[in-house]
1. In region 100-113, is there at least one residue being touching a helix residue (DSSP H, G or I) at 6+ places or on another chain (Cβ under 8 Å), modelled with pLDDT under 95 and not hydroxyl-bearing (Ser, Thr, Tyr)?
2. All but one of (1) surrounded by fewer than 19 Cβ atoms within 10 Å (Cβ to Cβ); (2) over 24 Å from residue 111 (Cβ atoms); (3) touching a Phe, Trp or Tyr at 6+ places or on another chain (Cβ under 8 Å) hold for residue 367; which doesn't?
3. Please determine, by comparing only the residues of region 340-363 that are closer than 30 Å to residue 285 by Cβ and not hydroxyl-bearing (Ser, Thr, Tyr), which one is surrounded by the most Cβ atoms within 10 Å (Cβ to Cβ).
4. Residue check: is residue 75 over 15 Å from the mean Cα position of the chain (by Cα), farther than 28 Å from residue 42 by Cβ and small (Gly, Ala, Ser)?
5. For region 139-152, enumerate the residues that are free of Cβ contacts under 8 Å to residues at least 60 places away in the same chain and surrounded by 15 or more Cβ atoms within 10 Å (Cβ to Cβ).
6. Here are some residues: 163, 105. Which one is over 30 Å from residue 53 (Cβ atoms), of a type in the set (A, V, I, L, M, F, W, C) and surrounded by 16 or more Cβ atoms within 10 Å (Cβ to Cβ)?
7. Got a sec? Which of 123, 80, 90 is in contact (Cβ under 8 Å) with a residue 40 or more places away in the chain, charged (D, E, K, R), out of contact with any strand residue (DSSP E or B) (no Cβ under 8 Å at 6 or more places or on another chain) and part of a helix (DSSP H, G or I)?
8. Go through region 131-155 and give me each residue that's of a type outside the set (D, E, K, R) and touching a Pro at 6+ places or on another chain (Cβ under 9 Å).
Amino acid sequence: MKNLITLFALSTLFFAFGCEDDDSGMMGGTDDDGGSMITSIEISGPSNPTSYNLEVPSYLPGPIIPEDNPLTVEGVQLGRKLFYDPILSRDSTISCSSCHQQQLAFTDGQALSIGIEGQSASRNAMSPVNMVFNPNNFHWDGAHESLEIQAIHPVENMLEMDADWEEVEERLRNHPGYPQDFRAAFGIGNTNELTRELATRALGQFERTMISGQSRYDKVVSQNDGFFTELEEEGKQLFFVEFNPSDSISHPGCSHCHNAPRFGDNLFHNNGLDSVASLTDFADLGLGGVNGNVFDNGKFRTPTLRNIALTAPYMHDGRFSTLEEVLEQYARGGHGIEGESPFLTPFELTPEKQAALLAFLNTLTDEEFINDERFSNPFE
């Protein structure tokens, strides 16, 4: 059963403008020689944002919506356009959707994302799915405190979109449709009020609607619709077994970091990928590179396992091509170095256990989500 959560607080979207327009609808300025120049154009059209009804299944956590960016129909629609529009990149060749493709649960199938002019980014594309349940610390290393802040960086990252936000703002202001879209979503009256901050608010709104909660797992466990196969049930039991480090380990203990219903914990762990001589020797410092705490070096955000069968390759650097490789890595139990997660303990991964775990992980695929038109390319 779904709860319809109506999000109000729309008064935060409106602004008071104290400038008078001239008869042409343009606001004037003065250049260095004392002459006049055009700095802004009045935007006409409706501006009455409508509350967006966010559908959240009752078995998922409550959504976290910032007070200064409530969801509106118009804001979400604008964010969807911006997400799929290459106008945000320097040469207008790639968009957010280039690295976040719906059919791959908003990942891209690459070990390292491919940016402008074929350049490789520094990390694997992390899915933005179910980010509405995350309060902060977005991205693999937790560098961004909100989806709005996170949306700023791919645009200006030289390995990704390599654009200048001031230039992007000008493109959007001069576009035949976007000024009206921004007015409809945020109540602006002139093109000079179309800013990076509003663009990233729209992107944040759209991304918060990306909720995946209709997998076979959800239908069986939370909706009493159908049953697991014998193999899937065996995998489920293995996945959710609680482990005690003092016991003899014969199971993976996956759910310590990938707990239901999110199948992630919004935390950071060193999951035993690399053996290093000291904590300063990690090729990618992860969380420690952000907060400066050497004991957080090598720690990365736990990704959700929802739709995990669609999001290969795996890990922050895409080093594993298959889920079989991932399970084999965890079965080895890490390297025993300082800072590794205490949950890393070797376990026996028989072919039968591996097959069962893979069968269960496949039940986390949400076919409805990856085919939902609300998240599809609006330009197609």
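1. Scanning region 100-113 turns up no residue that is touching a helix residue (DSSP H, G or I) at 6+ places or on another chain (Cβ under 8 Å), modelled with pLDDT under 95 and not hydroxyl-bearing (Ser, Thr, Tyr).
2. Among (1) surrounded by fewer than 19 Cβ atoms within 10 Å (Cβ to Cβ); (2) over 24 Å from residue 111 (Cβ atoms); (3) touching a Phe, Trp or Tyr at 6+ places or on another chain (Cβ under 8 Å), residue 367 violates only (3).
3. Filtering region 340-363 for residues closer than 30 Å to residue 285 by Cβ gives 340-347, 349, 361.
Filter again for not hydroxyl-bearing (Ser, Thr, Tyr), leaving 340, 342-344, 346-347, 349, 361.
Working: 340: 20, 342: 9, 343: 19, 344: 21, 346: 11, 347: 20, 349: 20, 361: 25.
Among those residues, the one meeting the criterion is 361.
4. When the stated conditions are applied, residue 75 does not pass them.
5. Across region 139-152, the qualifying residues are 144, 149, 150, 151, 152.
6. None of the other options fit; the residue is 163.
7. Sole residue among the options that is in contact (Cβ under 8 Å) with a residue 40 or more places away in the chain, charged (D, E, K, R), out of contact with any strand residue (DSSP E or B) (no Cβ under 8 Å at 6 or more places or on another chain) and part of a helix (DSSP H, G or I): 80.
8. Result: 132, 133, 138, 140, 146, 147, 150.
The values are calculated or read from the model by the stated rules, or taken from the named source; none is laboratory data. Computed from a predicted model, the values in this text were never measured in an experiment. Glycine gets a Cβ as well: all are built from the backbone with ideal geometry, and neighbour counts include every protein chain shown.
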